[in-house]
Each structure stands twice: as structure tokens, then as C-alpha cells.
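Colleague: This is the structure I want to talk about, given as C-alpha cells.
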Amino acid sequence: GVEIIHLPKSVEEISSDVFGQYRTLPKLSSIEVDPENPCYQSIDGVLYSKSGDTLVRCPYTKTSLHIPEGVTTIAESALRGCNLTEVTLPQSLKAIEAHAFADCDYLTKLVIPDGVTSIGKGAFFRSCLTEITLPQGLKAIEAWTFYNCNVLKKVAIPESVTSIGEKAFLNCDALAEVTLPNSLKTIGIEAFYECHSLQKLVIPE
């Protein structure tokens, strides 16, 4: 299987899913970039934008990741399917895009810094988080955000959140405790469907 991918200096645009699904490139350990490439750079085998503000793609075999300060965006599907057990997010982070942490089978805990105001649809779809700290400035929990996170036990939703999208916590079978904030205005269809461990839910006025 492919272990290393080299990007030449001529590549100007690339999406995170161009490397295929993790099931087809399970041995990918490093993404390297020609130093003369004007758009991208590689830091410890991880693909970032040249400016250093966006994490574009992490190789699948990486188990630990310290994202450097200055990164403001984790791109769509950037960490999807990775073997990560530990991720440190920078205080500079502002946005986590759709499916960024989806299918992460070994990452059990994550603290999201309060500077993050946007978390995309399905960001933690089918991941193995047992606990997560959501940022205080977050306005919405988008559709499918925690769909099928069936070992997630506890979520504290910050007072800034006004909406929970459809199927946001669908099939979170271990979810026993959810605190809904007074700021909450809307709860989408099937948001807590198939949450068999959830015994009590207080909906704010």
C-alpha cells in the first residue's frame, strides 16, 4: 500500500478527499510537499496551507497530532478516519469544517478552544469520543454532528447555542446526560432519536 505521497510544486489546489478513503489508503503515513510549492506545505507529514492557517489533510496512520498555533481552520474531512488517539487544538482555531473528525475510531477525548465559533455538519460523525468540551462561543450544533457516536456519555452544551440540528445526536446510545442551555431556540427532527440511555431531558422555556 501507499505510505508516502509527494506533491510537486505545480499543484495549486487539492481537496482533503483526493487521497481516497482511509480504507483504501490505510498505510498512508506522510504527505510531503515540494518546498517551492506556492500553496501548500508539509509539517511532520501533515498537509497544511502555505500560509499555515488551514490543516488540509492528516495521514491515516498518525496517532498523535499537535496542531500548531496560527491554524484557524481544520478543513472538511481533514482528520477523517485517522488512527489518532490524541489531538491538541490551538487557541487560534476558529472553524472545524464538516466531517473533520468523522470515523476517528481511537480518539476518545477532545477539548475545543473557546475561539471556535463554527463546527460543520457531521464533524464527529461515527467517532469514538466518550467526552467532549464544546466552546463557549458556539452558536449551533449542526445536523449529524454526533450521529452514531455510540460511546459518547456526556455533553455540556454552552449557553451560546441557539439551535441543534436534525439527527445531531442520533444513535448516541451511551448518552446519559445532556444539559440544554437557556439560549436554545430550536431542536431539529430526530436530534436525540435512539438515545436509549438518556433518561431525562429538560427543555428550556
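The values are calculated or read from the model by the stated rules, or taken from the named source; none is laboratory data. Predicted, not measured: the structure shown is a model, and the values here were computed from it. Every residue, glycine among them, receives a Cβ derived from its backbone with ideal geometry; neighbour counts consider all protein chains shown. When the accessible area is computed, the model is the full protein with side chains, heavy atoms only, and any ligands, DNA or RNA have been set aside. Shrake-Rupley method; radii C 1.70, N 1.55, O 1.52, S 1.80 Å.
Colleague: Do any residues in the range 48-69 that are aromatic (F, W, Y) have Cβ atoms under 8 Å from those of residues that are in a strand (DSSP E or B), where the two are at least six apart or on different chains, and which pairs are they?
Modeller: Close Cβ pairs satisfying both conditions: Y48/Y40; Y48/Q41; Y48/S42; Y48/T54; Y48/L55; Y48/V56.
Colleague: Kindly establish whether V87 is hydrophobic (A, V, I, L, M, F, W, C) and modelled with pLDDT of 95 or more. Spell out how you get there, then give the answer.
Modeller: Details: hydrophobic (A, V, I, L, M, F, W, C): yes; modelled with pLDDT of 95 or more: yes.
Considered against the rule, which asks whether it is hydrophobic (A, V, I, L, M, F, W, C) and modelled with pLDDT of 95 or more, V87 comes out as yes.
Colleague: Moving to a separate point now. Return yes or no: is A78 open to solvent by less than 10 Å² (accessible area, probe 1.4 Å), in contact (Cβ under 8 Å) with a residue 24 or more places away in the chain and either among the aromatic types (F, W, Y) or under 23 Å from P158 (Cα atoms) (or both)?
Modeller: no
Colleague: May I ask you to say which residue of L152, L134, L184 is under 21 Å from the mean Cα position of the chain (by Cα) and at pLDDT 95 or above?
Modeller: Exactly one of L152, L134, L184 is under 21 Å from the mean Cα position of the chain (by Cα) and at pLDDT 95 or above, namely L152.
Colleague: Among T85, T24, T72, which is the only one that is within 18 Å of the chain's Cα centre (by Cα), closer than 19 Å to Y106 by Cα and open to solvent by 40 Å² or more (accessible area, probe 1.4 Å)? I'd like the intermediate steps shown before the answer.
Modeller: Values: T24 fails: within 18 Å of the chain's Cα centre (by Cα); T72 fails: closer than 19 Å to Y106 by Cα.
Exactly one of T85, T24, T72 is within 18 Å of the chain's Cα centre (by Cα), closer than 19 Å to Y106 by Cα and open to solvent by 40 Å² or more (accessible area, probe 1.4 Å), namely T85.
Colleague: Sticking with this one: Please go through the range 96-116 and pick out each residue that is small (G, A, S), out of contact with any Phe, Trp or Tyr (no Cβ under 7 Å at 6 or more places or on another chain) and open to solvent by less than 20 Å² (accessible area, probe 1.4 Å).
Modeller: The one that is small (G, A, S), out of contact with any Phe, Trp or Tyr (no Cβ under 7 Å at 6 or more places or on another chain) and open to solvent by less than 20 Å² (accessible area, probe 1.4 Å): A100.
Colleague: What do you reckon, is V33 modelled with pLDDT of 95 or more, out of contact with any helix residue (DSSP H, G or I) (no Cβ under 7 Å at 6 or more places or on another chain), open to solvent by 20 Å² or more (accessible area, probe 1.4 Å) and of a type in the set (A, V, I, L, M, F, W, C)?
Modeller: It is true that V33 is modelled with pLDDT of 95 or more, out of contact with any helix residue (DSSP H, G or I) (no Cβ under 7 Å at 6 or more places or on another chain), open to solvent by 20 Å² or more (accessible area, probe 1.4 Å) and of a type in the set (A, V, I, L, M, F, W, C).
Colleague: I'd like the residue in the range 118-166 that is hydroxyl-bearing (S, T, Y) and closer than 19 Å to E86 by Cα and, out of all such residues, is surrounded by the most Cβ atoms within 10 Å (Cβ to Cβ). Can you show your working first?
Modeller: First pass over the range 118-166, keeping only residues hydroxyl-bearing (S, T, Y): 118, 127, 130, 133, 145, 147, 160, 162-163.
Now restrict to residues that are closer than 19 Å to E86 by Cα: 127, 130, 133.
On the way: S127: 28, T130: 14, T133: 14.
My answer is S127.
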